[in-house]
Amino acid sequence: MKRPRLRQIKPLLTPIDTRTVKPFNTRSYKARLQADPSLKFYSSAPWQQFRATVIAERGRRCEACGTTPNTVYLDHVEEQRDGGAPLDRSNVQVLCGSCHQKKSIRARMTRFAMD
Ligand SMILES: [Zn+2]
């Protein structure tokens with residue numbers, strides 16, 4: 001007796017391994033540095049020192065929403081690229097990640113609207 005033959009159909013979509021595929025929007029540090037030279041400032045010793053001192057003095061509490069996250073950002077109230085002083089205590093605030101991101105987006109939108 002002849003047995004029916006089974007044939008495997010080639011899948012239409014190729015599965016991807018998300019563990020190895022890079023997010024498409026990732027730019028290298030070099031590329032980001034080229035787009036924004038002020039990035040170099042944030043790895044400089046004067047800024048690192050200033051940042052550590054101010055956070056130690058004020059505590060790790062977000063000055064906008066009051067949360068105490070593990071990671072805090074020392075944010076420039078007026079960003080350097082908008083003319084804000086880089087190492088002036090009156091121009092910085094401690095922010096949580098969420099507030100820092102919201103503030104950065106707002107600053108970027110304002111900047112683009114003015115350009
Ligand atoms: Zn916050």
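Side notes on the structure shown:
- Over the range 17-92, accessible surface divided per residue gives 74 Å², non-protein components excluded, 1.4 Å probe.
- Straightening the chain between ARG106 and LEU6 buys 30.0 nm, computed as 0.36 nm per residue apart minus the Cα-Cα spacing.
- Ellipsoid fit via the Cα gyration tensor, the range 35-114: semi-axes of 20, 17, 11 Å, each the root of five times an eigenvalue, largest first.
- Portion, in percent, of the accessible area of the range 35-114 that falls on carbon or sulfur, probe 1.4 Å: 54
- Calculated [222 nm] ellipticity per residue, helices only, for the chain: -10500 deg cm²/dmol; basis is -39500 (n - 2.57) per DSSP H run with n ≥ 4, divided by all residues, nearest 500.
- Charge sum, other residues only, whose C-beta stays under 12 Å from ASN91's C-beta, Lys/Arg counted +1 and Asp/Glu -1: -4
- Derived scalar couplings between HN and Hα for the range 64-69 equal 9, 10, x, 6, 10, x Hz in order, rounded to whole Hz, by the Karplus curve 6.51 cos²θ - 1.76 cosθ + 1.60 (θ = phi - 60°), x for Gly and Pro.
- Between helix 97-114 and the chain: long-axis angle, C-alpha atoms, 0 to 90°, nearest 10: 80
- Look at the alpha carbon pairs under 8 Å that are at least 6 residues apart: their mean separation over the length of the chain gives a relative contact order of 18 percent.
- About the Cα centre, charge dipole magnitude for the range 35-114 (Lys/Arg +1, Asp/Glu -1 at Cβ), debye: 200
- Largest accessible area first, the listed residues ILE16, ILE105 line up as ILE16, ILE105 when surface is computed with a 1.4 Å probe on the assembled protein chains.
- Modelled label positions at ARG60 and VAL77, each set 7 Å beyond Cα in the direction of Cβ, lie 2.5 nm from each other.
- Taking 0.36 nm per residue of separation and subtracting the Cα-Cα distance, full extension of the segment from ASN91 to ASP36 would add 17.8 nm.
The values are calculated or read from the model by the stated rules, or taken from the named source; none is laboratory data. All of these numbers come straight from a predicted model, not from anything done at the bench. No Cβ is skipped: glycine too gets one built from the backbone with ideal geometry, and neighbour counts run over all protein chains shown. Heavy atoms of the whole protein, side chains included, go into the accessibility calculation; ligands, DNA and RNA do not. Shrake-Rupley method; radii C 1.70, N 1.55, O 1.52, S 1.80 Å.
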